[in-house]
Amino acid sequence: MSSRTPLIAGNWKMHKNGFQAVEAASQLKSLVIKATNVEIMIAPPFTALYQVAQALKGSTIGLGAQNLHWEKQGAFTGEISAEMLADAGCSHVIIGHSERRLFFGETDINVNRKIKAALSAGLVPVFCIGETEAQREDGETFSVLDKQVRDGLKDFVFDELSGLVVAYEPVWAIGTGKTASKEQAQEAHQFIRSLLDTLFEKPFASAVRILYGGSVKPDNVRALMEMPDVDGALVGGASLDPETFSKLVFFNH
Ligand code: PEP
């Protein structure tokens, strides 16, 4: 287990209306009231953000959005800026999720712009990277991760990135029930951390949290969290039910 404070983050994707989101957030708030030495974040759909922010008042649970646009404002129909997310009560934002890369044409260049915008609005970017099954089978895992990290973090200096969270999410493990083994997760996380060490200053690389995402469940979270470079989890399916998600938060109990 790492010495960094773990972050357990839930990505609700396109699930839950306002009422359902507030119910789930309120239930989670009471379920995790005794959680210590762990940070928690949930990312509901845009339409529920403000309501969930109100429901989470008085708790330390962070609120995340699932995407943003890099411009502050303007003629960008359908888009939402980092400032708007902060105004709605967000503390975090997921950037570069594989579903956005796959279905909505998200590019590394735009991921880079989005990270910049998030940081300048005071949001914690949760920067997602990961290889597809075909890339893994072709032995390209490390070259894919290398390019995603270099391009996503291009032109930053390390002190601008403080607070950044990286999420390693092998695409073949997302929503498939196939989890990376703890050894596969550790190998990828170690690679990412040493790349960050090469690109930036040492204190940054050793402080940055690297989450694992991909079919994390109560029965596999503990093994993953035992690995020295795994600092938490980004969770989709198992974050929708507050009881199940709270078991991930208490992975150590
Ligand atoms: C995700 O979407 O980030 C994710 C990890 O999903 P799941 O936990 O359902 O695999």
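Ignoring any ligand, DNA or RNA, what whole percent of the accessible area of the chain comes from carbon and sulfur when the probe is 1.4 angstrom? The C+S portion of the solvent-accessible surface of the chain is 53 percent. Residues whose amide H comes within less than 5 Å of that of ARG209, counting only those at least five positions distant or on another chain, are VAL166 (H built at 1.01 Å from N in the peptide plane). Using the Cβ-Cβ distance between ARG4 and ARG150 with R0 set to 22 Å, the FRET efficiency works out to roughly 0.45. For the range 199-208, putting each phi into the Karplus relation 6.51 cos²θ - 1.76 cosθ + 1.60 with θ = phi - 60° gives couplings of 7, 10, 7, 3, x, 5, 4, 7, 8, 5 Hz, in residue order, rounded to whole numbers and with x for Gly and Pro. Long-range amide H contacts for ILE40: which residues qualify at under 5 Å (H placed 1.01 Å from N, peptide plane, sequence gap of 5 or more or a different chain)? Long-range HN contacts for ILE40: ILE8, GLY62.
Dimensions of the chain from C-alpha coordinates, computed as largest minus smallest value along each principal axis and given longest first, are 48, 45, 34 Å. Quick one: check the C-alpha center-to-center distance for the range 1-38 versus the range 124-163, whole angstrom. Each part's Cα centre sits 25 Å from the other's. Of the trypsin sites (Lys or Arg not before Pro) found in the range 1-39, those in coil by DSSP whose Cβ has at most 12 other Cβ atoms within 10 Å are LYS34. Residues in the range 168-208 near a label at ALA134, defined as backbone nitrogen under 15 Å from the 7 Å Cα→Cβ point? Label zone hits: 171-172. In this simple spin-label approximation, PHE142 and PHE103 carry label points 7 Å from Cα along the Cα→Cβ vector, and these lie 3.4 nm apart.
Kirkwood Rh over Cα pairs of the range 1-147 into Stokes-Einstein at 37 °C, 0.692 mPa s: D in µm²/s?
Values: Rh = 16.4 Å.
Calculated translational D: 200 µm²/s.
Excluding ligands, DNA and RNA, the accessible surface per residue across the chain is 46 Å² with a 1.4 Å probe. Pull out a ≥ b ≥ c, the square roots of the eigenvalues of the alpha-carbon gyration tensor of the range 1-47, then state rounded if a/c is under 1.5, prolate if not and a/b is larger than b/c, and oblate in the remaining case. Oblate shape, in that a/c is at least 1.5 and b/c is the bigger or equal ratio. Cross-link pairs exceeding 31 Å in C-alpha to C-alpha distance, out of LYS182/LYS202; LYS16/LYS72; LYS13/LYS34; LYS57/LYS202, comprise LYS57/LYS202. In order along the range 222-235, the phi-based Karplus estimate (6.51 cos²θ - 1.76 cosθ + 1.60, θ = phi - 60°) of 3J(HN,Hα) comes to 5, 4, 5, 5, 6, 6, x, 10, 9, 10, x, 9, 10, 10 Hz; Gly and Pro are listed as x. Modelled spin-label separation between ASP159 and ASP241, with each label point placed 7 Å from Cα along the Cα-to-Cβ direction: 4.8 nm.
Restricting the range 63-162 to chymotrypsin sites (Phe, Trp or Tyr not before Pro) that sit in a DSSP loop and have at most 12 other Cβ atoms within 10 Å of their own Cβ leaves PHE76, PHE104. Across the range 138-151, coupling constants 3J(HN,Hα) worked out from phi with the 6.51/-1.76/1.60 Karplus curve, θ = phi - 60°, read 8, x, 9, 3, 5, 5, 5, 4, 4, 5, 4, 5, 4, 6 Hz, and Gly and Pro carry x.
The values are calculated or read from the model by the stated rules, or taken from the named source; none is laboratory data. Predicted model only: the values in this text are computed from it and were never measured. Here the Cβ is made from the backbone with ideal geometry for all residues, glycine too, and neighbour counts use every protein chain on show. For accessibility, only protein heavy atoms count, side chains too; no ligands or nucleic acids. Shrake-Rupley method; radii C 1.70, N 1.55, O 1.52, S 1.80 Å.
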